[in-house]
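Everything on this sheet refers to the single structure shown next.
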Amino acid sequence: MTTVETTAVAVRHAPTAGVEKLQQPRFLGSRRRSRVLSLTIRCAVPVLLVAVWQLASSRGWLDPDVLAPPSAVLTAAEELWRSGQLADFLAASGRRAGLGVSLGIVIGLVLGVLSGLSALGDEVIDPTMQMFRAVPFLALVPLLLSWFGVGEGFKIVLIAVAAIAPMYTYTYLGVRTVDRKVVEAARGYGLSGVRLVTSVILPSALPNVLMALRICLSVSLSGLIAAEQIGTTNGIGYLVALSQQYFRNDYMVLCIVLYAVIGVLIDLGIRLLERYAMPWRTAVASR
């Protein structure tokens, strides 16, 4: 009997004493928390900060001329809401931000796809976009003012300029990281041109595109503030300038709170979009 046959017989007749001691492995998947518990955990730190802020103001540890207490900020919000100015300012800012961000996203997305898909597009578009990305968009304010004046066109273009660079960068990266074998397989099935981009390229680059969307919306708030402080009589940025002019600390803090709330709503909207566009990613996060 050869050595291999001897080993096979020994393994076949080996004792199975330790088999009975095997235990079922613990659950390695994700267990989702209840919505109430998750919402409580998310709100705990902001609520605690506001409580500490109010306590410090009521005890006199914070000078109201330096930082208005939450009660004064709430009173200012109620005052503006009853007069109708707060709703008008929010609507004006939302309209400008929506138009500007939409324009910037479309331009950045198209340029990112063109630059990421072809070598010619990369050579023609990417160097210029890298130079454009290195220039702070606020440095373009004087130039845009000379071109568009102080009207709505200037404000929308400034917000769009703020959104183009992050959208282009992340779209370019997402398109470049798409698996080449997937693209070749799609071409083998007859997909090409716009159908290839919409059916294969963009869905594969969707995580990067959604990240770009998150950053575009956040960065555009800075463009919105700068745009609304020049030649306008409505909008949240105008309220910031107004609070500085009349030394209304409560209005100033209210504007900061409004921008923070808008940022939270943007993040919530992107999270919902990610959940429906990429449902498989929810299983990756450990709970």
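Summary table below
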{"quantity": "Residue match in the stretch 172-191 (condition: closer than 18 Å to Leu99 by Cβ and of a type in the set (A, V, I, L, M))", "calculated": "no"}
{"quantity": "Those helices (runs of 4 or more DSSP H) lying entirely in the stretch 70-154 with at least 2 residues in contact (Cβ under 8 Å) with a residue 24 or more places away in the chain and charged (D, E, K, R)", "calculated": "85-117, 119-134"}
{"quantity": "So Thr198, is it touching a residue at least 60 places away in the same chain (Cβ under 8 Å) and either in a loop (DSSP other than H, G, I, E, B) or not aliphatic (A, V, I, L, M) (or both)", "calculated": "no"}
{"quantity": "Residues of the stretch 230-258 that turn out to be within 17 Å of Asp88 (Cβ to Cβ) and part of a helix (DSSP H, G or I), as a count", "calculated": "12"}
{"quantity": "Evaluation of Phe247 against (1) buried (at least 18 other Cβ atoms within 10 Å of the Cβ); (2) without any contact (Cβ under 8 Å) to a residue 24 or more places away in the chain (one fails), failing number", "calculated": "(1)"}
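This table checks each residue for (1) of a type outside the set (Ser, Thr, Tyr); (2) at pLDDT below 90; (3) within 25 Å of Cys255 (Cα to Cα); (4) in contact with a Lys or Arg (Cβ under 6 Å, 6 or more places away or on another chain).
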position	(1), (2), (3), (4)
Val9	yes, yes, no, no
Val19	yes, yes, no, no
Arg31	yes, yes, no, yes
Leu37	yes, yes, no, no
Trp53	yes, yes, yes, no
Arg59	yes, yes, yes, no
Pro69	yes, yes, yes, no
Ala92	yes, yes, yes, no
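Residue-wise test of (1) touching a Phe, Trp or Tyr at 6+ places or on another chain (Cβ under 8 Å); (2) surrounded by 12 or more Cβ atoms within 10 Å (Cβ to Cβ).
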{"residue": "Val110", "(1), (2)": "no, yes"}
{"residue": "Asp126", "(1), (2)": "yes, yes"}
{"residue": "Met131", "(1), (2)": "no, no"}
{"residue": "Val150", "(1), (2)": "no, yes"}
{"residue": "Val178", "(1), (2)": "no, yes"}
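The values are calculated or read from the model by the stated rules, or taken from the named source; none is laboratory data. Predicted model, so just to flag it, every value in this text is computed and none were measured. Glycine also receives a Cβ, built like all others from the backbone with ideal geometry; neighbour counts cover every protein chain displayed.
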